[in-house]
Amino acid sequence: MKINKLCPIIGVWVFTLLWLSQTVIIQAQSPVETQNSYLDPVTKMEFIRVKGGCYQMGNTFGRDHKDEKPVHRVCLNDYYVGKFEVTRGVFKQFVSETGYRTEAEKEENCFGMDKTDKWGLVPGMNWKQPGFLQTDSHPVVCITWNDTQAFVSWLNKQSDGGFRLLTEAEWEYAARSGGKKLEFATQTGKLTGKLGNFGAKKCCNPDDIDNHWFTAPVGSYPANNIGVFDLSGNVWEWISDWYDENYYQTSPEYNPKGPENGSLRIIRGGSWSIPKRFSRCSNRRKASSSGRHINTGFRIAKDF
């Protein structure tokens with residue numbers, strides 16, 4: 001066969017191979033979505049679909065916690081919740097691609113323990129240097145609410161959008177495995193040192209038995225009944241809502257998003273550094289948007 005007759009055939013094959021290669025690249029960068037989960041193609045973060053419904057939000061176990069009362073009916077639409085807390089590795093990817101500097105880095109301190117184990121703002125402490133060993137599989141800490149918004153903004157530009165922090169109602173609903181009457185975010189509603197990372201021996205709990213004095217790699221303990229990990233313990237998680245002690249008295253029934261304004265935000269879930277009672281599903285804690293702590297990180301939600 002003459003060369004001039006081969007050229008068109010070779011050209012077709014080259015074009016086909018190029019087209020196939022581009023198709024493979026596009027498919028590799030596309031989100032993987034199933035009926036019950038979502039995989040973000042940029043960060044590889046996994047999300048669990050939470051089927052919406054109605055539940056009784058607040059403290060249903062009779063203890064007197066004023067800001068957890070009154071117990072009230074809340075109904076939510078379907079949404080996705082991060083299977084794990086945002087890790088140091090994923091946050092590193094965000095920083096690497098944007099050059100972002102956290103508030104702890106700008107202010108050159110984070111609230112933590114100094115070399116004498118005293119708590120306070122420690123100079124030089126930040127998400128890279130929290131004062132204890134972490135790998136890319138640990139939850140990122142020393143993150144402010146404002147830092148979470150920068151991360152979400154970046155992620156929405158990189159991916160197909162809809163990423164955000166959970167609302168307080170969504171967080172509690174997911175922690176309670178779809179609104180069930182569970183005190184802690186475990187399969188049974190009970191919390192022990194084998195089921196969650198709380199009350200470190202180093203700071204405040206001499207009976208600590210979970211072998212993690214600080215943060216644990218995400219997923220180190222069993223998931224709750226809908227497949228989400230570390231909702232009780234490990235690190236406090238920033239919530240989108242403003243804090244209002246009396247919000248439950250006026251909260252709307254459908255998809256509440258918290259007060260329209262305020263001076264403090266909400267963190268949920270307890271952490272490695274404090275007793276387990278703070279890891280209850282209904283426990284609420286207030287924090288400044290610029291607050292940064294070695295026991296505080298975040299988890300991401302996505303619109304369904």
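The values are calculated or read from the model by the stated rules, or taken from the named source; none is laboratory data. Just so you know, these numbers come straight off a predicted model, no measurement behind them. Positions of Cβ are backbone-derived with ideal geometry, glycine not excepted, and every protein chain shown enters the neighbour counts. These accessible areas exclude ligands, DNA and RNA; they are computed on the full protein's heavy atoms, side chains included. Shrake-Rupley method; radii C 1.70, N 1.55, O 1.52, S 1.80 Å.
Going by the structure shown, is residue 81 in contact with a helix residue (DSSP H, G or I) (Cβ under 8 Å, 6 or more places away or on another chain), within 17 Å of residue 165 (Cα to Cα), open to solvent by less than 60 Å² (accessible area, probe 1.4 Å) and in a strand (DSSP E or B)?
On the way: in contact with a helix residue (DSSP H, G or I) (Cβ under 8 Å, 6 or more places away or on another chain): yes; within 17 Å of residue 165 (Cα to Cα): yes; open to solvent by less than 60 Å² (accessible area, probe 1.4 Å): yes; in a strand (DSSP E or B): yes.
Judged against the criteria, residue 81 is a match.
State all residues of segment 36-78 that are touching an Asp or Glu at 6+ places or on another chain (Cβ under 7 Å), over 21 Å from residue 196 (Cβ atoms) and in a loop (DSSP other than H, G, I, E, B); if no residue qualifies, say none.
51, 52, 58
Go through segment 95-153 and count every residue that is touching a Phe, Trp or Tyr at 6+ places or on another chain (Cβ under 7 Å), assigned to a loop (DSSP other than H, G, I, E, B) and surrounded by fewer than 22 Cβ atoms within 10 Å (Cβ to Cβ).
Matching residues across segment 95-153 total 2.
Count, please, the residues in segment 80-117 that happen to be within 25 Å of residue 303 (Cα to Cα) and small (Gly, Ala, Ser).
Total meeting the criteria: 2.
In segment 147-162, is there at least one residue being more than 22 Å from residue 47 (Cβ to Cβ) and modelled with pLDDT of 90 or more?
To start, the set of residues in segment 147-162 that are more than 22 Å from residue 47 (Cβ to Cβ) comprises none.
Checked segment 147-162: no residue is more than 22 Å from residue 47 (Cβ to Cβ) and modelled with pLDDT of 90 or more.
Would you confirm whether any residue within segment 163-183 is more than 20 Å from the chain's Cα centre (by Cα), at pLDDT below 95 and open to solvent by 60 Å² or more (accessible area, probe 1.4 Å)?
Checked against the condition, which is being more than 20 Å from the chain's Cα centre (by Cα), at pLDDT below 95 and open to solvent by 60 Å² or more (accessible area, probe 1.4 Å), segment 163-183 yields no hits at all.
List the strands (runs of 3 or more DSSP E) inside segment 204-304, counting only whole elements, that have at least 2 residues being open to solvent by 50 Å² or more (accessible area, probe 1.4 Å) and at pLDDT 95 or above. Even if it seems obvious, please write down each step before you answer.
Numbers: elements: 236-242, 265-268, 285-287, 300-303.
Ranges flagged: 285-287.
Search segment 121-132 for residues being under 20 Å from the mean Cα position of the chain (by Cα) and in contact (Cβ under 8 Å) with a residue 24 or more places away in the chain, and hand back the single one that is nearest to residue 298 (Cα to Cα).
127
Do we have any residue at all in segment 51-74 that's under 19 Å from residue 156 (Cβ atoms), open to solvent by 40 Å² or more (accessible area, probe 1.4 Å) and either at pLDDT 90 or above or in contact with a Lys or Arg (Cβ under 8 Å, 6 or more places away or on another chain) (or both)?
We begin by selecting, within segment 51-74, every residue under 19 Å from residue 156 (Cβ atoms); these are none.
The answer is no, given that none of the residues of segment 51-74 is under 19 Å from residue 156 (Cβ atoms), open to solvent by 40 Å² or more (accessible area, probe 1.4 Å) and either at pLDDT 90 or above or in contact with a Lys or Arg (Cβ under 8 Å, 6 or more places away or on another chain) (or both).
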